[in-house]
Amino acid sequence: MTSLPTPLPGAKKLGLVIDLDTCVGCHACAVNCKEWNASGHSAPLTDSNAYQADPFGVWFNRVHTYEAGEGQGSRTVHFPRSCLHCETPACVTVCPTGASYKRAEDGIVLVDPETCIGCQLCAWACAYGAREFDADDGVMKKCTLCIDRIYNENLPEPERVPACVSTCPASARHFGDFNDPASAVSRLVLERGGYDLMSEMGYQPTNKYLPPRKPAAPAAATPPAETGATSSLLRWLDRALSR
Amino acid sequence: MNSITPPNPAEPAINLSPAVADDVKFTTCYMCACRCGIKVHLKDGQIRYIQGNPNHPVNKGVLCGKGSAGIMQHYSPARLTKPLLRVGERGAGEFKEIEWDEALALATAWLGTVRATDPKKLAFFTGRDQSQSFTGWWAKQFGTPNFAAHGGFCSVNMAVGGLYSIGGSFWEFGEPDWEHAKYFLMLGVAEDHDSNPIKAGIAGLKQRGAKFVSVNPVKTGYSAVADEWIGIRPGTDGLFVLALVHELLRTDKIDLDYLVRYANAHWLVIRNPGAADDGLFARDEAGKPIAWDRATNAPADAATAGLNPAVIGEVTLPDGRRAIPVFHLMAERYLAPEYAPAAVADRCGVSAETIRRIAAEMAEIAFNQPLVLQQPWTDTAGRRHETMVGRPVAIHAMRGISAHSNGFHTCRALHVLQMLLGAIDTPGSWRYKSPYPRPIPPGPPPVGKNATPNKEMPGMALGFPQGPEHLLLDDDGTPCRIDKAFSWEAPISAHGLMHTVIANAHAGDPYKIDVLFMFMANMAWNSSMNPGDAMRQLTDKDEDGEYKIPKVIYSDAFFSETVPYADLILPDTTYLERWDAISVLDRPIGSSHGPADAIRQPVVPLDRDVRPFQDVLIDLGARLSLPGFVNEGGAAKFTSYADYLANHERTPGVGPLAGWRGPDGTSHGKGAANPDQLKRYVENECFWQFKLPPEQTYFKHANKAYLDTAHAMGMVGAANQIVFQLYSEHLQKFRLAAQGHGPVQPPERLRARIETYFDPLPIWYVPFEQAAIEQAAYPLHAITQRPMPMYHAWGSQNAWLRQIYTRNHLYMNRRMGTALGLVDDDWVWVTSRTGRLKCQIRLMEGVNHDTVWTWNAIGKRSGAWNLDAHANESEQGFLLNHVISEWLPAQKEQAQDQGGHRTANADPVTGQAAWYDLRIRVEKVAHGEEGQTAPHFSTLPRPPHMKPAARTLRYGEKT
Amino acid sequence: MKPAGSIVFFTTASGAGYGMLFWLGLLSTTHTLPTALWYGLTALIIAGALVTAGLLSSTAHLGNPQRAWRALSQWRSSWLSREGIAALLTYIPACLLALSWLIDPHPAPLTALLAAALAIATVYCTAMIYASLKPIRQWNNTWVAPFYLLAALFTGAICLAAITGFANPAAAATLSEFAMLTGLAAALVKLLYWRHIDTTTSASTVASATGLGHLGTVRSFEAPHSEENYLLKEMGFRIARKHAAKLRAYALLFAFAFPIAILFGVVAGVVPVTLILIAALCALLGMALERWLFFAEATHTVVLFYGRQA
Ligand SMILES: Nc1nc2c(c(=O)[nH]1)N[C@H]1C(S)=C(S)[C@@H](COP(=O)(O)OP(=O)(O)OC[C@H]3O[C@@H](n4cnc5c(=O)[nH]c(N)nc54)[C@H](O)[C@@H]3O)O[C@H]1N2
Ligand SMILES: Nc1nc2c(c(=O)[nH]1)N[C@H]1C(S)=C(S)[C@@H](COP(=O)(O)OP(=O)(O)OC[C@H]3O[C@@H](n4cnc5c(=O)[nH]c(N)nc54)[C@H](O)[C@@H]3O)O[C@H]1N2
Ligand code: SF4
Ligand code: SF4
Ligand code: SF4
Ligand code: SF4
Ligand code: SF4
Ligand SMILES: [Mo]
């Protein structure tokens, strides 16, 4: 059903918070996502030219690196990107088959591989490049928010989080319910000024990004430069010490 | 299907709880040397998912990109499948498959002849594997001095610099106090061996609001998230650090009490210029260093508790000699104007103001914001302290410091800085990882003189020389080792000089060898400083048409660039198919919280005719009847490596694994062998960890309870305080030899070099290559960095990882590039003093103005790793190594009278390969030269029966 | 956006087919068209063939064409679904039109008008598929739908005129006038469209895409993968400005200038009616080129993440 669902009472709004302040760009989230999902809900994530020139494969998460500003003051920012599970995503509404849908109970945007015709319209409609067409399989695939992990009763409770979140060595990825103001993700967004990507598109992304922090202020004032004469060793001559 | 009906009936029913695995096995990751614990999920006979083990002390559940791609490594199309025997010319890659019996018989015959005639003609060198305590022991039992692993080109400067200064080091032997540090200074680190802990640590630190400063010519990775980036000029960190030292001394922001309590600041150094004792410590009759007691105005045992020692002023000893405290020497040196921030600023590319501020910030945190833990402890003098007072300034450094020819001293300078701040193993500072701290130096000297037919060596090949008497030289001064480690060329080369082995063996300098036996080191490509030369040397023949290096045996698991250069290939398994140990005897997984070690167990069955290399060594050991590998009757002592792991004892009670020792598995650290030990490890998720009680986790170098524990567990020989060596008498001993003292003296051509670089206090000097070239001709520094998702050469055979980096660019500062008229993706020639290569350029902001860099080991030889001949790795990827040289420019004076003597492009103290001293120039290619990187070598043919790799990969496809 | 041959063909051919159907429906009620049975059937069959070939070609673009029927279900939100339904619905009056022609060359006006209306509605749906896509500013604007409609009317008229020329030159001249009018209008709209896309920029920028604008100029330092991935292959297709300008000129010449000149000649009676066939083929070719450009010149916001302009 590609009309957007009316959220059910008490429905969750699940998504990710990505902390650009601590992301070191290691690609762990991207590879672990690939690893989990290769055999997961949307299996396989086909790789083409796997060992040849110009390889390309299906990935649900990709890590960019940007430089902003100039010279010494420039910042290097690592920037992982996956589906933002938007609240009003055109990727869902454009879908002619209903294969693309937003879950009423938690807001996760999914593709039904059984009914997708592979028209790719949703990929065109997604402003964020979060859809991945598996040409070999003929269907559209995308980040599932690890739907087969987060509710999976075969996994121990603490592991019921997306693969990318559990693997991130820098704790730069957080998963939770944005409808719960007390959740860690809601609090992070509030405290750290979490923002939307391309808000002008009007898709209302659920995932939020935390900006890189302003550099810490100097921990101490810079002492004046030397006056010319080297300080004397004599000041330590009578220093009482105790070994 | 366990699907639930969704509350919205329009939604398709999906299975929210699919079964993840039908079996889960724990083991240790091997996608890099970080040694994270992994949980391998197996389903329908395939690997479903590899996850970080949440209970593992190293990674606590996280997994990096490489670790997450283990599946693709395991199923790599470049896996070797059977032993191979060369049939064509060496280097042509023509092999036939042979059975293991034949392979082992052949190896036994080759090696047996060497052992029976001249065991040193075996050169056994290994890569970054984690079984060096075993391979080293095998070499010892064989009787060759010629053993080392990759440490010589890796980070031996870091290791030796630390081990000779503080009894521990950065690298894998220490870690910042991630939970408590308030200020973190990181120098020259891109990724490191501790890759997951560092990432977690930095994130934690930032979340706590601590300040993180990264000193690195390049702002990527960790440096990108630093609060402050200092884009230093390569090779000048020593100056920068000594300027910080200058500032701390100038402003009197030092912890003198800490210095006399834990370092040798008050030890007296004899001043007797020209004499054999000049610069040595003044000692009492018992040989103990002495200090000047200000209370009695007389000399006293420097270790006396409560002593009020003089740290300034020359004194006259009872025997009439003059002596001066270490601190005095040090302060005098670093207060000199040459170390003033303003004097070094230009050379470092860091403003004097910044240097002064960083020093002030460190001092502020260390002294005005100390971190006090309410944790009583007792020091080695028996004094109880009610609290642990920490200087929460942590420092970490790696190859950006060590991979320079001045790296040893820079590393020592860093430790001096730590000492001045009182910031070693205190709350919030840098801390030792178990089994460190160890005594200084930590172990016995190297052994390797007088290799004797059919006889084992009396000790391990690698060790820690304490003076010229420990060098491995023949009576005429000729180096005993093929790599000339522990000779005057590199006296304290505690990890050997792997980068000179092939060239020396080829030249027969200092002697010819018969068998080159290598394991897991891609020496015909990314681990050689000059792979073109390595390939030539491996294929070069003498007048009789024999190869100059007669026999090459190599063990690799994959079809790497080096495989075609061997005569006999012993194919290894992947890491998921074998037993392995991350042993306490080697580089264990211990942390500041206590000792730990780990194992690997086979998690998937073998499906090819390959064998774990360690099993093969056990087998060869028995076939060669090496002592230790056979029983009295000559029968094999161990059935397998697993058997060895559980039952071998290096010294009574000490074996490869420290956990669950003793017949009932209740002893830890030391204890009799336990046949069930591996089972216990498997039950405990393949690792063992001993958590130190809180009172033992800081001040370990002087913490009585800790040292007692360490002693009981066999980590230190005696529970004595480990005194930091601000001033290194060991270095002075070598210097004295250079000044003409003692029976073992350097050859004339090295005399001045030894005298200069064996300074007992840290110095800085212009890196050798830079000093020897005409700077204007090679105006740029060129360095490499580890890409986080790739591990050296292996990553490229991995279908997932290679998609991240199939090619590399040469990154250049935008202003520099613009000045040279270059734009993104331009093709350029990169020329160094020894070679040139062609690649593509990319401009960026976050790099030192005069530095270019690239990702390491992305470039591949066409055909290798079973990649398509035209894969991007060989068409657009490149290896910077092609313009590096393992030798320094020949010095003119020397070329005449020393017959063109070659000096390794390495640190003069440790022999550490100076990868990052490289200087180059960059020019746009001529029209028509674009399109393919150079040098471009011929395409390697696939070994027999290796199938061409698939084009489309549908791993995980539902069948 | 990567121009997919199947889609270029689809929109061009079906546009012309629906345009023909529109004129056939409309003009059959006004008795402007020839009444010969062969004429009616030929015209309808050609229109149907163009439409059907286009629709079939569009399924070649699908990853799972055998499931194409599923595309009819989401008419509430999806223009593609609506297009599919409209296309299928159009077959009903179109077939009835053909049937009734067999009986009587003056078909029931209701059927005829319905066919005309549905044909044009289908074209509108096609246009709206593109025009509704916010991330692609070259599509998401007011000029797209009018152009698609005018282009369909123009190519439909010219194709019908070509056939009509063989039955009734006078009727062909009338159709030629319609074709000229719609052709000129279409050309004008296309010029305005080009001016629009040349003078506007995306509301989104690298800065808004990354949210890092406050740190200074944002540049892509490293892409996630060193070779092109699906997103870049599909949505990162770029055409050089110079190249595009040349192609625009050709598109104008072939789609409009030459055909309209010929039509003018026909109307003025200076060239034979049979030449309309050449004009029609020329127009279709030009229109295909225009469609190709419509894709090739379109940029998608995803490229912002790769440091490019959208
Ligand atoms: N330009 C430049 N060059 C450098 C460096 C640099 O910074 N810059 N760094 C240097 C450093 S520090 C190092 S450590 C070296 C590393 O260089 P190498 O040690 O050569 O590293 P790898 O490329 O990983 O090669 C190891 C070999 O081990 C094989 N292998 C992998 N797994 C197994 C296994 O399970 N069993 C066996 N038997 N073989 C296996 C691989 O196939 C490969 O051929 O590179 C050095 N080279
Ligand atoms: N992902 C991944 N992890 C690895 C490896 C790998 O191949 N891939 N290899 C492993 C091995 S064998 C090793 S030895 C370690 C090495 O771990 P690192 O030491 O982290 O590795 P390098 O990439 O050599 O990093 C050197 C860093 O120093 C900087 N640098 C170069 N010259 C200077 C200088 O003069 N001053 C300063 N301040 N910085 C400088 C470089 O820009 C770079 O950032 O990594 C290990 N971990
Ligand atoms: S795993 Fe974490 S640190 Fe690494 S790239 Fe992803 S978000 Fe960034
Ligand atoms: S990010 Fe793209 S794919 Fe994901 S919900 Fe939003 S529009 Fe759809
Ligand atoms: S590709 Fe599949 S999911 Fe996307 S719009 Fe088409 S049918 Fe829907
Ligand atoms: S939530 Fe799951 S599917 Fe989505 S990016 Fe993370 S790991 Fe991939
Ligand atoms: S850091 Fe990554 S590759 Fe290295 S051991 Fe840990 S998980 Fe494996
Ligand atoms: Mo290394």
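Search the structure for amide H atoms under 5 Å from the amide H of B:THR378, placed 1.01 Å from N in the peptide plane, and list their residues when 5 or more places away or on another chain.
Placed amide hydrogens put B:HIS385, B:LYS704, B:ALA705 under 5 Å from B:THR378.
Please state, to two decimals, what the Cα-based radius of gyration of segment C:172-310 comes to when divided by 2.2 N^0.38 Å (N = residues). Walk me through the numbers on the way to the answer.
Numbers: Rg = 20.7 Å, N = 139, 2.2 N^0.38 = 14.3 Å.
My calculation over the Cα atoms of segment C:172-310 gives 1.44.
Distance in nm between label sites at B:ALA752 and B:ALA342, each 7 Å beyond Cα in the beta-carbon direction?
Inter-label distance under the simple model: 3.3 nm.
Report the net charge of residues surrounding B:MET529, where surrounding means a beta-carbon distance below 11 angstrom and charges are Lys +1, Arg +1, Asp -1, Glu -1.
Details: positive: none; negative: B:ASP533, B:GLU886, B:ASP917.
Computed value for this residue: -3.
What Kirkwood hydrodynamic radius, in Å, does segment C:101-142 give when the mean of 1/r is taken over all pairs of distinct Cα atoms and then inverted? Intermediate values should be presented prior to the final figure.
Values: mean 1/r = 0.0811 Å⁻¹.
Hydrodynamic radius (Kirkwood, Cα only) of segment C:101-142 equals 12.3 Å.
Which number do you get for Rg(Cα) / (2.2 N^0.38 Å) in segment B:479-584?
Working: Rg = 15.0 Å, N = 106, 2.2 N^0.38 = 12.9 Å.
Cα-based Rg divided by the globular estimate yields 1.16.
Against the longest principal axis of chain B, how steep is helix B:132-142, in degrees 0 to 90 to the nearest 10, with axes from Cα atoms?
The angle comes out at about 90 degrees.
How large is the Kirkwood hydrodynamic radius of segment B:217-268, in angstrom, based on all distinct alpha carbon pairs? List each step's numbers first, then the result.
Numbers: mean 1/r = 0.0733 Å⁻¹.
Taking every pair of different Cα atoms in segment B:217-268, averaging 1/r and inverting gives 13.6 Å.
Determine which lysines satisfy two conditions relative to B:LYS924: a Cα distance under 28 Å, and not lying fewer than 8 residues away in the same chain.
B:LYS219, B:LYS838, B:LYS860, C:LYS242
Could you tell me the ratio Rg/Rh of segment B:440-509? Both radii from Cα atoms, Rh via Kirkwood.
On the way: Rg = 11.8 Å, Rh = 12.4 Å.
Taking Rh as the inverse mean 1/r over Cα pairs, Rg/Rh reads 0.96.
Can you give the Rg and Dmax of segment B:189-236 based on its C-alpha atoms, in angstrom?
Every Cα atom of segment B:189-236 included, Rg and Dmax give 10.9, 32 Å.
How big is the Cα convex hull of chain C in projection, averaged over all directions, in nm²? Don't skip to the answer; put the middle values down first.
Numbers: hull surface 68.8 nm².
For chain C, the mean projected area of the Cα convex hull comes to 17.2 nm².
What is the distance, in nm, between label points placed 7 Å from the Cα along the Cα-to-Cβ direction at B:THR251 and at A:LEU234?
Taking the simple label geometry, B:THR251 and A:LEU234 are separated by 2.5 nm.
Calculate I(q)/I(0) for segment B:24-70 by the Debye formula, one identical point scatterer on each C-alpha and no solvent, and give its log10 at q = 0.22, 0.23, 0.31 Å⁻¹ to two decimals.
Cα-only, vacuum Debye calculation for segment B:24-70: -0.65, -0.71, -1.16.
What value does segment B:815-879 have for Rg/Rh, both radii from Cα atoms and Rh as Kirkwood defines it? Each step should come with its number before you reach the end.
Values: Rg = 13.6 Å, Rh = 13.3 Å.
Over the Cα atoms of segment B:815-879, Rg/Rh equals 1.02.
In whole Å, what is the distance between the alpha-carbon centres of segment C:1-21 and segment C:228-279?
Taking the Cα centre of segment C:228-279 as reference, the centre of segment C:1-21 is 14 Å away.
log₁₀ I(q)/I(0) of chain B at q = 0.07 Å⁻¹, via Debye over equal Cα point scatterers, no solvent, to two decimals?
Log10 I(q)/I(0), no solvent term: -0.57.
Based on the Kirkwood radius over alpha-carbon pairs, what is the Stokes-Einstein translational diffusion coefficient of segment A:32-132 at 25 °C with 0.890 mPa s viscosity, in µm²/s?
Details: Rh = 15.6 Å.
The estimated diffusion coefficient comes to 157 µm²/s.
On C-alpha positions alone, give me the angle between the axis of helix B:237-250 and the longest principal axis of chain B, in degrees, nearest 10.
The angle comes out near 30 degrees.
With every protein chain present, what is the per residue accessible area of segment C:123-278 (1.4 Å probe, Å²)? Walk me through the intermediate numbers first.
Values: 6250 Å² over 156 residues.
For segment C:123-278, the solvent-accessible area averages 40 Å² per residue.
Check chain A and count each lysine pair with an alpha-carbon distance under 15 angstrom, considering only pairs eight or more places apart or from different chains.
7
In chain C, which helices (entire DSSP H runs) extend 20 Å or more along their own long axis, judged by Cα positions, while averaging at least -1.0 on the Kyte-Doolittle scale? All intermediate terms of the calculation are to be shown ahead of the outcome.
Working: long enough: C:5-29 (36 Å, 1.16); C:37-60 (34 Å, 1.58); C:79-103 (36 Å, 1.38); C:109-131 (32 Å, 1.78); C:144-167 (34 Å, 1.95); C:169-199 (43 Å, 0.80); C:275-296 (31 Å, 2.06).
Sorted by number, the helices that extend far enough and score high enough are C:5-29, C:37-60, C:79-103, C:109-131, C:144-167, C:169-199, C:275-296.
Taking the alpha-carbon set of segment B:1-155, what are its Rg and Dmax in Å?
For segment B:1-155, the Cα-based Rg and Dmax read 23.6, 83 Å.
With a sphere of radius 12 Å drawn around the Cβ of B:ASP542, what net charge do the other residues whose Cβ falls strictly inside it have (Lys, Arg +1; Asp, Glu -1)? Write down the numbers at each step before the final one.
Details: positive: B:LYS512, B:LYS541, B:LYS548; negative: B:ASP540, B:GLU543, B:ASP544, B:GLU546.
Computed value for this residue: -1.
Cα atoms only: what Rg and Dmax, in Å, come out for segment B:697-804?
Over segment B:697-804's Cα set, Rg and Dmax evaluate to 23.0, 60 Å.
By a straight-distance test (C-alpha under 19 Å), which lysines pair with B:LYS449 as possible cross-link partners, with residues fewer than eight away in the same chain excluded?
B:LYS120, B:LYS121, B:LYS140, B:LYS484, B:LYS512
In square angstrom and rounded to 100, what buried accessible area do you get between chains A and B, total over both, with the probe at 1.4 Å? Present the calculation step by step, with values, prior to reporting the outcome.
On the way: alone 14100 and 33070 Å², together 38430 Å².
Summing both chains' loss of accessible area gives about 8700 Å².
For segment B:568-677, what is the convex hull (Cα atoms) projected area averaged across all directions, in square nanometres? Working shown, then result.
On the way: hull surface 33.2 nm².
Dividing the Cα hull surface by four gives the mean projection, 8.3 nm².
Please give the calculated 222 nm ellipticity per residue for chain B, where each DSSP H segment of at least 4 residues contributes -39500 (n - 2.57) and the sum is spread over every residue; nearest 500 deg cm²/dmol? Could the numbers behind the result be given before it?
On the way: 27 runs with 231 residues, N = 959.
Calculated from helices alone, the mean residue ellipticity at 222 nm is -6500 deg cm²/dmol.
If all Cα-Cα distances of chain A are sorted into 5 Å bins from 0 onward, what percent lands in each bin, rounded to whole numbers?
1, 6, 11, 15, 17, 14, 10, 6, 3, 3, 3, 2, 3, 3, 2, 1, 1, 0
Could you run the numbers on buried accessible area between C and A, total for both chains, 1.4 angstrom probe, in Å² to the nearest 100? Before the final figure, lay out each step's value.
Working: alone 14870 and 14100 Å², together 24220 Å².
Chains C and A together bury roughly 4800 Å² of accessible area.
How many Cβ atoms of partner chains, on average, are near each residue of B:160-172 if near means within 10 Å of its Cβ? Spell out each step's value before the answer.
On the way: counts 0, 0, 0, 0, 0, 0, 0, 0, 0, 0, 0, 0, 0.
If you average over the peptide's residues, the count of other-chain Cβ atoms is 0.
Could you give the semi-axes, largest first, of the ellipsoid that matches the protein assembly as shown, computed as the square roots of 5 times the alpha carbon gyration tensor eigenvalues and rounded to whole Å? Don't jump to the answer; show the numbers that get you there.
Details: eigenvalues 948, 233, 197 Å².
The equivalent ellipsoid of the protein assembly as shown has semi-axes of 69, 34, 31 Å.
Expressed as a whole percentage, what fraction of the accessible surface of the protein assembly as shown belongs to carbon and sulfur atoms when a 1.4 Å probe is rolled over the protein heavy atoms?
Working: 27040 of 47930 Å².
With neighbouring chains kept in place, the figure for the protein assembly as shown is 56 percent.
Leaving out same-chain residues fewer than 8 places away, which aspartates and glutamates sit with a Cα under 15 Å from that of B:LYS541?
Output for B:LYS541: B:GLU89, B:ASP514, B:ASP533, B:ASP567.
Let me know the mean shielding of B:60-73 by other chains, meaning the per-residue number of their Cβ atoms within 10 Å of its Cβ.
Numbers: counts 1, 5, 9, 9, 8, 13, 4, 6, 13, 6, 2, 4, 6, 0.
The shielding value for this peptide is 6.
Tell me the mean residue ellipticity at 222 nm calculated for chain A from its helices only (DSSP H runs of n ≥ 4, each -39500 (n - 2.57), averaged over every residue, nearest 500). Write out the running numbers ahead of the final one.
Numbers: 6 runs with 38 residues, N = 243.
So the helix-based figure for chain A works out to -3500 deg cm²/dmol.
Evaluate the distance, in nm, between pseudo-label points positioned 7 Å from the Cα of C:TYR91 and of C:ALA117 along their respective Cα→Cβ axes.
2.2
What is the mean projected area of the alpha carbon convex hull for segment B:768-924, to one decimal in square nanometres?
On the way: hull surface 42.7 nm².
Average projection, Cα convex hull of segment B:768-924: 10.7 nm².
Say R0 is 25 Å: what FRET efficiency, to the nearest 0.05, do C:ALA245 and C:ILE278 get from their beta-carbon distance?
Taking R0 as 25 Å, the efficiency between C:ALA245 and C:ILE278 is 0.40.
Roughly how tilted is helix B:748-757, in degrees to the nearest 10 and between 0 and 90, from the longest Cα axis of chain B?
For B:748-757 against chain B, the angle is about 70 degrees.
Normalise the Debye intensity by I(0) for segment B:596-743, one equal point scatterer per Cα, no solvent, then take log10 at q = 0.10, 0.11, 0.20 Å⁻¹ and round to two decimals.
Listed by q, the Debye log ratios stand at -0.56, -0.65, -1.17.
The values are calculated or read from the model by the stated rules, or taken from the named source; none is laboratory data. All figures in this text were calculated on a predicted structure; none of them were measured in a lab. Every residue, glycine among them, receives a Cβ derived from its backbone with ideal geometry; neighbour counts consider all protein chains shown. Surface areas here come from the heavy atoms of the whole protein model, side chains and all, with no ligands, DNA or RNA. Shrake-Rupley method; radii C 1.70, N 1.55, O 1.52, S 1.80 Å.
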